[in-house]
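Chemist: Got a structure for you, written out below as structure tokens; questions coming shortly.
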Amino acid sequence: MEISGRRMRRFRMRFGRNRLTGADPDDGSVLPTRNGGNTENEASCCYCDLKITAFNEPISRLGRRFSGAMKIWFSIGLGFGVASLLLVTLFLLLQFHPKPLSNRLASAVFGFSPSTRVSLSGFVYVFVSTVITVLVHELGHAFAAASEGIQMEYIAVFIAAIFPGGLVAFDHDLLQSLPSFNALRVYCAGVWHNAVFCALCAFGLFLLPVMLSPFYKHGESLVVVDVPSKSPLFGYLSPGDTIVSLDGIRVYKPSEWLELAAILDKQNTETSNASFGGSRRFHHGKGYCVPISMVEEGFKGKMVENRYVCPGDLTPFSTMPCSEVAAPREVSVCLDAKDIVKLNKCGDGWVTTSETHDNSGCVCPQGEICLQAMQSPGISWTEITYKRTSSPDCSRLGLEFNASSCVGTFVFVGDLIAMSRSVQLTAYQPRWLFNYFAKSFPDVIEKSLTCTFHVSLALVLLNSLPVYYLDGESILESSLQYFTRLSPRKKKKALQLCLFGGSLLSLLAFFRIFFVGLPPSR
């Protein structure tokens, strides 16, 4: 990003400073290594960069040729940059509100909650997106300066520690000689280009289903892209499988999968808090009409520390609290959950009514009894229905879905939120049998556009902050030139006060976002 002090070469303070602080490439403090006429690089233990001069002449030529159009374009960006500075400053002031928007803003800007764990693949997406968005940002400054007749010295990309970034170096004297309005166009060009890039990414996401429609169906089914070995669903689902429903509710998109899991988990928690107190059973209200003959043939478990324990892979079941009419006495039995999930449903814990659930409460046909699984509080009992599509028989068009032997159902018992986040899903289903890369291609494109959108938006907000060393400092400094009633000394004091306050409030905002009030990880 743009946190390096070397960035100060380009945008320097105007009030009585003749030189920039920081390293000067000509003072010998940093030894450059030349790789030819168009590039050179510098390296140290925590910093390395690559300076590129090959684009100097093409950008300068384009700036002179389309100077008029570019000035109009970057004048629009000027208005956006100043407005962005004001809005971000307002947000910083709202940090003193009793209920700040820090966590919600972090989720909207960065695309994840501060407590979310970023995987290695997620880090790669962020790294590549950062390089692209920083390049777009710096090219905005370069073209804006070229339209004003200022040729850049070089474009540099760097890595400081593990963070990528970039900068553009200009002739300081020429930049200082520009009128305030023209200088503002150059200073605001970076955030303006990032904002436009955000819009392009959003537009690309919107059109992606249309562009991929000849090869992929979108929003008709939820396709499994990857199941990590640490996922609780590993061994039950495979890449290419289609998830049909969660607890009998159809799901079509990854967002619906996560939202439904959160709803079911919340319902489970509320039911647990309301009905578990003091009881050894968890009455989640999800029952099955089990034939009495199956109950009589079932295994009997043992009570161990007030828990009913079953041998092997069998699951303990007990009568529903409202089924005394069908069973005058309480029944506890060990049964195979794979056989039970195929039976008709009973109880009022199911979110929706399915074909096998007649919404008659705990009432079952004669000769059957309504049983539910014994679980602990915070543990969800959830049915997942899926369809195998890895073979031609299961993917054949025209195959009767309900009659297909490729459809299966299993029960997940555990942390529903953690389970829902442990698999990689996509709403794009190939129209034909493809290899793994072709199946994951839409997911890669969608994640790349989404990540680039969030990183570019983050750069807009970060560089609009009224803090030291970022674009917000230069935008604020040039904007103060329009307060003609203030003397240069008062303008300097006002600038320093705003930058100090903005930097302090920014640190407070980041501290609240990343360290205060984080929800417990699941």
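Chemist: Residues of the range 484-508 being modelled with pLDDT of 90 or more and assigned to a loop (DSSP other than H, G, I, E, B), which ones?
Modeler: The answer is SER487, and nothing else.
Chemist: Please verify whether ALA106 is over 21 Å from the mean Cα position of the chain (by Cα) and either modelled with pLDDT under 65 or in the same structural domain as LEU167 (by the TED database) (or both), treating the condition exactly as stated.
Modeler: Spelling it out, it is not the case that ALA106 is over 21 Å from the mean Cα position of the chain (by Cα) and either modelled with pLDDT under 65 or in the same structural domain as LEU167 (by the TED database) (or both).
Conditions tested, residue by residue: (1) within 30 Å of ASP415 (Cα to Cα); (2) touching a His at 6+ places or on another chain (Cβ under 7 Å); (3) assigned by the TED database to the domain that holds LEU167; (4) among the β-branched types (Val, Ile, Thr).
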site	(1), (2), (3), (4)
LEU184	no, no, yes, no
TYR187	no, no, yes, no
GLY190	no, yes, yes, no
VAL196	no, no, yes, yes
ALA199	no, no, yes, no
PRO214	no, no, no, no
SER229	yes, no, no, no
LEU233	yes, no, no, no
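Chemist: For the range 54-97, enumerate the residues that are surrounded by 15 or more Cβ atoms within 10 Å (Cβ to Cβ), aliphatic (A, V, I, L, M) and closer than 19 Å to ASN182 by Cβ.
Modeler: Selection gives ILE59, LEU62, MET70, LEU78, VAL82, LEU85.
Chemist: Shifting gears a bit: Count, please, the residues in the range 231-262 that happen to be acidic (Asp, Glu) and free of Cβ contacts under 8 Å to residues at least 12 places away in the same chain.
Modeler: Result for the range 231-262: 1.
Chemist: Which members of the range 445-486 meet the condition of being within 19 Å of SER221 (Cβ to Cβ) and β-branched (Val, Ile, Thr)?
Modeler: Answer for the range 445-486, where residues must be within 19 Å of SER221 (Cβ to Cβ) and β-branched (Val, Ile, Thr): just ILE445.
Chemist: Please go through the range 164-217 and give me each residue that is among the hydrophobic types (A, V, I, L, M, F, W, C) and within 25 Å of LYS439 (Cα to Cα), ordered by number.
Modeler: Once the filter is applied, which keeps residues that are among the hydrophobic types (A, V, I, L, M, F, W, C) and within 25 Å of LYS439 (Cα to Cα), the range 164-217 yields LEU200, CYS201, ALA202, PHE203, LEU205, PHE206, LEU207, LEU208, VAL210, MET211, LEU212, PHE215.
Chemist: Right, something else. Conditions: (1) open to solvent by less than 30 Å² (accessible area, probe 1.4 Å); (2) more than 19 Å from the chain's Cα centre (by Cα); (3) under 30 Å from THR426 (Cβ atoms). PHE215 meets all but one. Number of the miss?
Modeler: Going through (1) open to solvent by less than 30 Å² (accessible area, probe 1.4 Å); (2) more than 19 Å from the chain's Cα centre (by Cα); (3) under 30 Å from THR426 (Cβ atoms) one by one, PHE215 breaks only (1).
Chemist: Quick check on this structure: which one of LEU246, LEU175 is open to solvent by less than 10 Å² (accessible area, probe 1.4 Å), under 30 Å from SER474 (Cβ atoms) and either modelled with pLDDT under 90 or of a type outside the set (Gly, Ala, Ser) (or both)? Give the steps one after another, and end with the answer.
Modeler: Numbers: LEU246 fails: under 30 Å from SER474 (Cβ atoms).
After applying the criteria, what remains is LEU175.
Chemist: Moving to a separate point now. For PHE511, work out the one condition from (1) surrounded by 14 or more Cβ atoms within 10 Å (Cβ to Cβ); (2) part of a helix (DSSP H, G or I); (3) at pLDDT below 90 it doesn't fulfil.
Modeler: Unmet condition: (1).
Chemist: If you don't mind, there's one more thing I want to ask. Regarding LEU205, is this residue at pLDDT 90 or above, under 19 Å from SER60 (Cβ atoms) and open to solvent by 30 Å² or more (accessible area, probe 1.4 Å)?
Modeler: Numbers: at pLDDT 90 or above: yes; under 19 Å from SER60 (Cβ atoms): no; open to solvent by 30 Å² or more (accessible area, probe 1.4 Å): yes.
No.
Chemist: In addition: Could you list all residues from the range 385-425 that are assigned to a loop (DSSP other than H, G, I, E, B), open to solvent by less than 40 Å² (accessible area, probe 1.4 Å) and either acidic (Asp, Glu) or at pLDDT 60 or above (or both)?
Modeler: THR389, CYS406, SER422, VAL423
Chemist: Right, something else. Which ones in the range 456-469 are open to solvent by less than 20 Å² (accessible area, probe 1.4 Å) and either within 16 Å of VAL134 (Cα to Cα) or modelled with pLDDT under 90 (or both)?
Modeler: Once the filter is applied, which keeps residues that are open to solvent by less than 20 Å² (accessible area, probe 1.4 Å) and either within 16 Å of VAL134 (Cα to Cα) or modelled with pLDDT under 90 (or both), the range 456-469 yields SER456, ALA458, LEU459, VAL460, ASN463, SER464.
Chemist: Within the group VAL224, VAL244, which residue is in a strand (DSSP E or B), of a type in the set (A, V, I, L, M, F, W, C) and within 11 Å of GLN429 (Cα to Cα)?
Modeler: It is VAL224.
Chemist: On to the next question. Residue by residue through the range 460-483, note down the ones that are free of Cβ contacts under 8 Å to residues at least 24 places away in the same chain and either part of a helix (DSSP H, G or I) or not assigned by the TED database to the domain that holds VAL134 (or both).
Modeler: Answer for the range 460-483, where residues must be free of Cβ contacts under 8 Å to residues at least 24 places away in the same chain and either part of a helix (DSSP H, G or I) or not assigned by the TED database to the domain that holds VAL134 (or both): just LEU480.
Chemist: Here's a follow-up. Tell me, please, whether a residue that is under 19 Å from VAL444 (Cα atoms) and either in contact with a strand residue (DSSP E or B) (Cβ under 9 Å, 6 or more places away or on another chain) or open to solvent by less than 20 Å² (accessible area, probe 1.4 Å) (or both) can be found in the range 179-186.
Modeler: no
Chemist: Starting from the range 414-427, take each residue that is at positive phi and list its partners that are open to solvent by 10 Å² or more (accessible area, probe 1.4 Å), counting only C-beta distances under 7 angstrom and pairs at least six apart or across chains.
Modeler: Listed pairs, sorted by first residue: GLY414/PRO232; GLY414/ILE379.
Chemist: What single numbered condition from (1) open to solvent by 60 Å² or more (accessible area, probe 1.4 Å); (2) assigned to a loop (DSSP other than H, G, I, E, B); (3) closer than 30 Å to SER318 by Cα; (4) at pLDDT below 80 fails to hold for GLN366?
Modeler: GLN366 satisfies every listed condition except (4).
Chemist: Would you pick out the residues in the range 48-69 that are in a loop (DSSP other than H, G, I, E, B) and aliphatic (A, V, I, L, M)?
Modeler: Matches in the range 48-69: ALA54 only.
Chemist: Next up: When you look at ASN194, is it among the polar types (S, T, N, Q) and over 14 Å from LEU135 (Cβ atoms), yes or no?
Modeler: For ASN194, the condition - among the polar types (S, T, N, Q) and over 14 Å from LEU135 (Cβ atoms) - is not met.
Chemist: Going by the structure shown, is ALA169 in contact (Cβ under 8 Å) with a residue 60 or more places away in the chain and either surrounded by 22 or more Cβ atoms within 10 Å (Cβ to Cβ) or within 30 Å of SER422 (Cα to Cα) (or both)?
Modeler: Spelling it out, it is not the case that ALA169 is in contact (Cβ under 8 Å) with a residue 60 or more places away in the chain and either surrounded by 22 or more Cβ atoms within 10 Å (Cβ to Cβ) or within 30 Å of SER422 (Cα to Cα) (or both).
Chemist: Go through the range 170-210 and report how many residues are touching a Ser or Thr at 6+ places or on another chain (Cβ under 6 Å) and aromatic (Phe, Trp, Tyr).
Modeler: Final tally of qualifying residues: 2.
The values are calculated or read from the model by the stated rules, or taken from the named source; none is laboratory data. Please read these numbers as outputs of a predicted model, since none were measured by experiment. Cβ sites come from the backbone with ideal geometry, for glycine too, and all protein chains shown count toward neighbours. Each accessible area value is taken on the protein alone, full model and side chains, heavy atoms only, with ligands, DNA and RNA left out. Shrake-Rupley method; radii C 1.70, N 1.55, O 1.52, S 1.80 Å.
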